[in-house]
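Below is one structure; the comments refer to it alone.
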Amino acid sequence: MSTDAIVLLKEDHKEIRRLFTAFQDAEDGPASRRGKIVGQIIEALTVHTYLENEVMYPEIRKLVPDVEDDILESYEEHHVADVLCLELHAMDADDERFVAKTTVLMENVLHHVEEEEQEWFPKVRDALGRNQLQEIGQRMLDLRPKAPTTPTAPKALKKAHDAVVA
Ligand SMILES: [Fe+2]
Ligand SMILES: [Fe+2]
């Protein structure tokens, strides 16, 4: 299995997109089904964002100054997704705003993931060697079991908060 940081993050993105499709497929089904899928979306995003905030973003910011602006924008996008995840986490699946809020979350995340994959991950791949990307990926794999899985966990919010407020 590859430990390349970009490969690992893209695998997460693929799973997140799969969950988004599952949510759309559940549009006409019971609210409980949508609630369950949104729970999975929130967990996947919480883990993924944590690994990017803790390892990938600070490391890339140091090593590839050219993508500084992309990373600053990405922190802001993470922050927006964090807020929506927190609100959805506290909301009943049969709330009249549940589907709308999930839709806005998905639109924001898809936009963000596309910018990562199309705009700045390729610049990172060009700037760094394979070994560096594998080292960063290994650090994310090591940290993954300790990542928060719910948006109310204090460490889920800390890095994005620091990046935005500090
Ligand atoms: Fe991200
Ligand atoms: Fe990502």
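All of the numbers you see were taken from the coordinates with simple rules; none came from a lab. Here the structure is a predicted model, which is why all the values come from computation and not from measurement. When we count neighbours, we look across all protein chains shown, and the Cβ atoms used for this are built from the backbone with ideal geometry, even at glycine.
If D69 satisfies all but one of (1) more than 19 Å from I136 (Cα to Cα); (2) in contact with a helix residue (DSSP H, G or I) (Cβ under 7 Å, 6 or more places away or on another chain); (3) away from ligand 1 (no atom under 11 Å from the Cβ); (4) of a type in the set (D, E), what's the number of the condition it fails?
For D69, the failing item is (2).
I need a count of the residues in segment 8-54 that are away from ligand 2 (no atom under 12 Å from the Cβ) and closer than 18 Å to F121 by Cβ.
Pass one, segment 8-54, residues away from ligand 2 (no atom under 12 Å from the Cβ): 18-43, 46, 54.
Now narrow it down to the ones that are closer than 18 Å to F121 by Cβ: 54.
Residues flagged as away from ligand 2 (no atom under 12 Å from the Cβ) and closer than 18 Å to F121 by Cβ within segment 8-54 amount to 1.
Determine, yes or no, whether L8 is surrounded by 14 or more Cβ atoms within 10 Å (Cβ to Cβ), among the aliphatic types (A, V, I, L, M) and more than 25 Å from R130 (Cα to Cα). Don't jump to the end; show me each part of the working.
On the way: surrounded by 14 or more Cβ atoms within 10 Å (Cβ to Cβ): yes; among the aliphatic types (A, V, I, L, M): yes; more than 25 Å from R130 (Cα to Cα): no.
So L8 does not fit the description; no.
Applying the selection to segment 17-61, what residues are within 14 Å of ligand 1 (Cβ to nearest atom), closer than 19 Å to A156 by Cβ and of a type outside the set (A, V, I, L, M, F, W, C)?
Looking only at segment 17-61, we keep the residues that are within 14 Å of ligand 1 (Cβ to nearest atom), and these are 17, 44-61.
Within this subset, residues satisfying the condition of being closer than 19 Å to A156 by Cβ are 44-58.
Answer for segment 17-61, where residues must be within 14 Å of ligand 1 (Cβ to nearest atom), closer than 19 Å to A156 by Cβ and of a type outside the set (A, V, I, L, M, F, W, C): T46, H48, T49, Y50, E52, N53, E54, Y57, P58.
Considering only segment 1-16, state which residues are under 20 Å from H78 (Cα atoms) and more than 13 Å from ligand 1 (Cβ to nearest atom). Working first, answer last.
First pass over segment 1-16, keeping only residues under 20 Å from H78 (Cα atoms): 5-16.
Once the filter is applied, which keeps residues that are under 20 Å from H78 (Cα atoms) and more than 13 Å from ligand 1 (Cβ to nearest atom), segment 1-16 yields V7, E11, K14, E15.
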